[in-house]
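Participant: Before I ask anything, here is the structure I am working with.
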Amino acid sequence: MSTTFRAGEVAATETERVVLPRRAGRRHPVPAPRRKGLLKFGYWWWALPGILFVVGIHYVATSIGGFFSFTNWTGIGAFELVGLDNFVRIFQDPTKLGALWNTLFLAFGSVILSNILGLGVALGLNRGLKSRYILRTLFFMPVVLSPLATSYIWKFIFDFNGPLNLILRGLGLDTVARAWIADPTWAIWTILVVLVWQNIGFAMVIYMAGLAAVPVEIEEAAAIDGASLWQRFWHVTLPSIRPAVAIATTLGLVNGLRVFDQIMALTGGGPAAATETLATQVYKQSFALGNFGYGAALALLLTLIILAFAVVQQRVTAGRSKED
Amino acid sequence: MTQRRRRVTRFAGLLALPATAALVLAGCSGSGSTGDAGGDADSFTFTFATSNNLESPYETLAKEYMAANPGVTITTNPTPNDKYGETIRTQFQAGNASDVVQTTPGSGDARGLVPLAEAGFLEPLGETATSLVPSGSETLFEVDGETYGQPLDFTIGAVVASMGTAGMNGITTWPTTMDDFYADCEKLAGDGKSMIALAGAAGPNAGLTAQGIAATRVYAEDPEFNTERADGSTTFAESEGWADTLQTIVDLKDRGCFQQGAEGGGFDAITNGLAQGTSVGSFIPSGSAVEIAAAAPAEADFKVQPFPAADGGKPYVLASSNYTISINAKSTKKEAATAFVEWLATPEAQEKYYEASGLLPISEYKNLDLSDTIYSEVVTDITNGSYTTLPNNVWPNPAVYEALQVGVQGLLTGQTSIDQVLQNMDAAWTD
Amino acid sequence: MFRYTKLTGLREFLFWVAALVFLLPFYFLVTTALKSDREVITSSTLAPPTAPDFGNFVKVLTATGNSNVVMGLINSIIITAGSIVLLVLLGSLTGYVIARSTRRWSRVVYYLFLVAIVLPTQLGTVPLYIGARALGLTGSAWGMIVLYTGMLLPLSIFLYAGFFRGLGTEYEEAATIDGASRTQIFFRIVLPLMSPATGTVAILAGLIVWNDFFTSLIFLGGSANQTLPVAMYYYIGSLVSAWNQIFAIVIVSMIPILAFYLFAQKRFIQGFAGGLKG
């Protein structure tokens, strides 16, 4: 989009011809003089449906949900306020604490791994590769696929007689081959692998956009000054892409905390509840078992965690960007 | 034409096309969904649990019914057994469940009909259903005097074993003591085979295995255990029989009675193991034997065998009606559904059910001569009453059975201890 | 720096190898889907099929009941298209007003939407579910469209508001001088101008709605309006472990989105990177 004419464009109306000058670059919009307090374009009530929708579906529903977490409602009939009972139950139940731990593990694990690998790919594809666009398309492909669908492929790969174990056995590593998905220690790692696989492209794309904005001159100047590859990366490139890092990690974290599809497809929460997370537990408690109050309490916990991290993230990155 | 205007028209066109399509199709689907299956009043949907890809007896029955009643279309929805309760409950809650749904008696399973009926999800059935309820177990089928599930079967829960496979590996008679059993395990394990195929990752099989063993260790000595637990005069943690049951499972694993990778095995481990002869038996409902026998060579010769009692104990098996058919209270096809359900109670349907599934028909089993069937080895146990109802049918809520299932899985992987499992089962028991 | 040295060539080669290894799962997907029932049990999982068998696809596309994939596909299209239309309409109207207003309330409202984006929907799902059930909206396509629109509206408004902030008001000023009404200004001048933002919203929101599983499962699971991911989930569940059929349906579910992606991949990637930076 542009508010000026590019070369070759023709004015559509009298107005355009008069108002818009020809220029090659973008122009900063000059704020139109307004009478204070009056909306000059559009009607204020155009925003009303949108606001109502959002307030209703997000805020009102969430508050009601929050309220339910203090009750013992089963979805039908009457309920009673039970105060903090649901929360006490959560912290006394080892499977729920395990779910909490899994939630955090998957979120942080996937963010760290997919960002490091994504950054690596972005750096590698950044300068001068002839086929960088094709490679970028290929690496990004898993991101658009349904997480459910990709989980089924990986379920096959991790199967006891699937390709991974076949390769391991072929390499003589028979003892390493195991029932990955049914193994209480390793099952959560299989989910992590699927998450990272799907999100590398996502991180990569954000970093590629960020890297493209880094001026070449600074890097070349550093190279001339004798800085090594690593020094150039750490002191020049990385600070320049701080905003990209902020975005990629925030989004990755928020999404990682909500993982659901992959777990349902790969392990269903097993073995013996070893891969349950808060999200899957909310589903099972509320919708499968009908313990709406308990499920709401779990959901409230998840919400608070996500909000907490989002706020922390904002503080950290806002502080950093001020330095630039 | 300016570039801008061209872009506008193209963009508008792009947006208009899906928009109109969406509206048109939404209109169509909106009217279509209220009159599902083609708006035919005699067509309905039927959901049941399945553990394999073989044709389920319910599928066979549906086909029979359709053949006998042209104009009726039954759309079957086979649903995986290990997610069955969760799936139908989610559907019932949203009002999206099928018209006819397979459930289970009692309240001890997520698919138990008592809590579903209490939540208002099921339609009360009529006289036909009530007449089939085994006397003495009305509390498992009825709520407030109304029957909500029509029993179909009389299932015997013990080990379904391929005597052909056993014979090929040098086991001529089914072991009747634990020592013999372990000896046979070792013999088979040496060849890379196993006595028992266990789907450790599938809750229902883990739970059924435990209950099958519990029949001999708990209920043989104390048939009233469930009532005593409900009274509060005993607990799982205090029960030596239950501790013994769980210990037996651990012993079976340690002594190679389960197949390799049992803790991660799914239902396919059982189907393939039994059909291909790499495992001798499995704790599956007697009905599944016929399904699997169809996929196995004729020499397989499946028989229902009692699990050996503990030293000095009595032989005991599980036997009860475990499958009921219910009608969705929100169904718009109740007449057609009721006609089908009533047909299921007729002798022809029961006969067909028996043929297709091997499950004893609820109305006829006492009159049948079973000496030449897969039940020949357990006939004496049934006739002299050495059996108990499937325990989880009688337990008060699904969480107890779930704790048992998860506990067995945990014992197999070494994640938990026997005491912990029993404590969890007690904690889940709410009165 | 831009000289194509031997090292660069090596880097390119290595990344191609990496890309191929990275996409290896797709190899398994396609080869297994083309194996017949016998072959999938007997042959090695690493080997390609000896004679491609398309029978699995036929089976998948003719499945009925809860496993009806074709119906799931149609429902997904309806619900996604409907949601996109509503999101574009409401999002642009609201975003425009917020961006153009200088009153304090617009800043408050802007932050309202920002927080709503991060706020997870799990907690609100239960009451929404109860409400939808009471209104009889569970199991209905319109109910889902309304729900998805509500859930993604903050994102849409955020993107549009950001876009409009960067859009100068010259066009609108000039049109005002010409005597156009406010409504005319919006629909005839602003609407065409916002197509980049609309593209971003359509792609991001469309992808989220298309791939959504959890909400669709609880609201539509088992009904005639269930979407593709739910149909796939039920169908694969009923197959237990027939991987060839499972992968046939996975491929069928992936084809629409992959076709769209390959057709418009630049737009996709720009949408993700650009839209999210804003």
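Participant: For the Cα atoms of chain B, what angle does the longest principal axis make with the long axis of helix B:3-34, in degrees from 0 to 90, nearest 10?
Facilitator: Compared with the principal axis, the helix lies near 60 degrees.
Participant: Continuing with the same structure: Taking 2.2 N^0.38 Å as the expected size of a compact globular protein, what ratio does the Cα radius of gyration of the range C:6-53 give against it, to two decimals?
Facilitator: 1.61
Participant: Hey, another quick one. Given a Förster distance of 35 Å, report the FRET efficiency between B:THR430 and B:LYS314 from their Cβ-Cβ distance, rounded to the nearest 0.05.
Facilitator: Values: r = 32 Å, r/R0 = 0.91.
It comes out at approximately 0.65.
Participant: Over its Cα atoms, what ratio of radius of gyration to 2.2 N^0.38 Å does chain C give?
Facilitator: Details: Rg = 23.5 Å, N = 278, 2.2 N^0.38 = 18.7 Å.
This ratio for chain C stands at 1.26.
Participant: So what are the ³J(HN,Hα) numbers for the range B:412-424, from phi and the Karplus equation (6.51, -1.76, 1.60; θ = phi - 60°), rounded to whole Hz, Gly and Pro as x?
Facilitator: Karplus-based 3J(HN,Hα) across the range B:412-424 equals 5, 8, x, 6, 9, 10, 4, 4, 4, 4, 4, 4, 4 Hz.
Participant: I've got another one for you. Give me a single rounded figure for C:108-118: the average over its residues of other chain Cβ atoms within 10 Å of their Cβ.
Facilitator: Numbers: counts 0, 5, 0, 0, 5, 4, 2, 6, 6, 4, 11.
Counting Cβ atoms of other protein chains within 10 Å of each residue's Cβ and averaging gives 4.
Participant: Can I ask one more? Just rank C:VAL40, C:VAL97, B:VAL290, fewest to most, by other beta-carbon atoms within 10 angstrom.
Facilitator: Values: C:VAL40 23, C:VAL97 27, B:VAL290 20.
In increasing order of surrounding Cβ atoms, one gets B:VAL290, C:VAL40, C:VAL97.
Participant: How far apart, in nanometres, would the label points at B:SER233 and A:PHE108 be if each is projected 7 angstrom from Cα along the Cα-to-Cβ direction?
Facilitator: It is 5.3 nm.
Participant: Under 5 Å between amide H atoms, partner at least 5 residues away or on a different chain: which partners does B:LEU360 have, H built in plane at 1.01 Å?
Facilitator: The answer is B:PHE154, B:ILE156.
Participant: Any aspartates and glutamates with Cα under 19 Å of the C:LYS266 Cα? List them, leaving off those in the same chain fewer than 8 positions away.
Facilitator: Cross-link targets: none qualify.
Participant: Binning at 10 angstrom from zero up to the longest distance, how are the C-alpha pair distances of the range A:47-93 distributed in percent?
Facilitator: With 10 Å bins starting at 0, P(r) equals 24, 36, 26, 13, 2.
Participant: Moving to a separate point now. Partner chain Cβ atoms within 10 Å, averaged over the residues of A:175-183 - can you pull that number for me? Mind showing how you got there, number by number?
Facilitator: Details: counts 0, 0, 0, 2, 9, 1, 3, 11, 4.
Partner-chain Cβ atoms within 10 Å, mean over residues of A:175-183: 3.
Participant: Over the whole of C:216-227, what's the average partner chain Cβ count within 10 Å per residue? Rounded to a whole number, please. Write out the running numbers ahead of the final one.
Facilitator: On the way: counts 0, 10, 9, 3, 3, 9, 14, 7, 10, 6, 2, 0.
Mean partner shielding for this stretch: 6.
Participant: Sort C:MET254, A:MET208 by Cβ crowding within 10 Å, fewest neighbours at the top. Walk me through the numbers on the way to the answer.
Facilitator: Working: C:MET254 20, A:MET208 24.
By the 10 Å Cβ count, ascending: C:MET254, A:MET208.
Participant: For labels at C:SER44 and B:THR130 in the simple 7 Å Cα→Cβ model, what's the distance in nm?
Facilitator: Rounded to a tenth, the inter-label distance reads 6.6 nm.
Participant: Then there is this: Near the amide H of A:ASN72, under 5 Å away, which other amide H atoms are found, from residues 5 or more places off or on another chain, if H is placed in the peptide plane?
Facilitator: Amide H neighbours of A:ASN72, under 5 Å, 5+ apart: A:GLU80, A:VAL82.
Participant: Next up: What does the extension gain come out to for B:ARG255 and B:THR373, with contour length at 0.36 nm per residue minus their alpha carbon separation? Please list the in-between numbers first.
Facilitator: On the way: separation 118, 0.36 × 118 = 42.48 nm, distance 3.13 nm.
Length gained between B:ARG255 and B:THR373: 39.4 nm.
Participant: Quick check on the exposure proxy: order A:MET204, B:MET178, A:MET264 from fewest to most C-beta atoms within 10 angstrom. Mind dumping the intermediate values first?
Facilitator: On the way: A:MET204 29, B:MET178 18, A:MET264 22.
By the 10 Å Cβ count, ascending: B:MET178, A:MET264, A:MET204.
Participant: Still on this structure, please answer the following. When the expected Rg is taken as 2.2 N^0.38 Å, what fraction or multiple of it is the alpha-carbon Rg of the protein assembly as shown?
Facilitator: Values: Rg = 31.3 Å, N = 1033, 2.2 N^0.38 = 30.7 Å.
After normalising by residue count via 2.2 N^0.38 Å, the value is 1.02.
Participant: In addition: If one takes the longest principal axis of the Cα atoms in chain C, at what angle in degrees, from 0 to 90 and to the nearest 10, does the Cα axis of helix C:24-33 lie?
Facilitator: Helix C:24-33 sits at roughly 60 degrees to that axis.
Participant: Compare the peptides C:16-29, B:76-89 by average per-residue count of other Cβ atoms within 10 angstrom and give them in order, highest first. Don't skip to the end; give the middle numbers.
Facilitator: Working: C:16-29: 15.6, B:76-89: 24.1.
Ranking the peptides C:16-29, B:76-89 by packing returns B:76-89, C:16-29.
Participant: I've got another one for you. Which lysines have a Cα lying under 22 Å from the Cα of B:LYS303, excluding residues fewer than 8 positions away in the same chain?
Facilitator: B:LYS187, B:LYS193, B:LYS314, B:LYS352, B:LYS366
Participant: Let me ask something else about it. Can you tell me the orientation of helix B:334-344 relative to chain B, as the angle in degrees between its alpha-carbon axis and the longest Cα principal axis, to the nearest 10?
Facilitator: So the inclination is approximately 30 degrees.
Participant: Estimate the FRET efficiency between B:GLN420 and B:GLU186 by the formula 1/(1 + (r/R0)^6), using the beta-carbon distance for r and 30 Å for R0, to the nearest 0.05.
Facilitator: Values: r = 29 Å, r/R0 = 0.97.
After rounding, the FRET efficiency stands at 0.55.
Participant: Could you rank the peptides A:175-183, C:178-186 by their average count of other C-beta atoms within 10 Å per residue, with the highest value first?
Facilitator: Numbers: A:175-183: 19.2, C:178-186: 14.8.
My ranking of the peptides, most packed first, is A:175-183, C:178-186.
Participant: By average Cβ neighbour count within 10 Å, what is the ranking of B:420-426, B:102-108, B:397-403, A:295-301 from highest down?
Facilitator: Numbers: B:420-426: 20.4, B:102-108: 26.1, B:397-403: 22.7, A:295-301: 28.0.
So the peptides B:420-426, B:102-108, B:397-403, A:295-301, ranked by packing, come out A:295-301, B:102-108, B:397-403, B:420-426.
Participant: For B:GLY261, what charge total do you get from the other residues with a beta carbon under 11 Å from its beta carbon, if Lys and Arg give +1 and Asp and Glu give -1? Working shown, then result.
Facilitator: Details: positive: A:ARG178; negative: A:ASP159, A:ASP183, B:GLU263.
Net charge around B:GLY261: -2.
Participant: Here is a further query. Calculate the spin-label point distance for A:VAL312 paired with C:LEU10, positioning each point 7 Å from the Cα along the beta-carbon direction, and give it in nanometres.
Facilitator: Each label point lies 7 Å from its Cα, and together they span 4.1 nm.
Participant: Does the range A:94-323 come out rounded, prolate or oblate, given a ≥ b ≥ c as the square roots of the eigenvalues of its C-alpha gyration tensor, rounded meaning a/c under 1.5 and, failing that, prolate meaning a/b above b/c?
Facilitator: Numbers: a/c = 2.52, a/b = 1.44, b/c = 1.75.
Judged from the Cα gyration tensor, the range A:94-323 comes out oblate (a/c at least 1.5, b/c at or above a/b).
No value in this document is a laboratory result; all are computed from the given coordinates. As the structure is a computational prediction, the values presented were derived from the model and not from experiment. Counting neighbours? That spans all protein chains shown, and the Cβs are built from the backbone with ideal geometry, glycine included.
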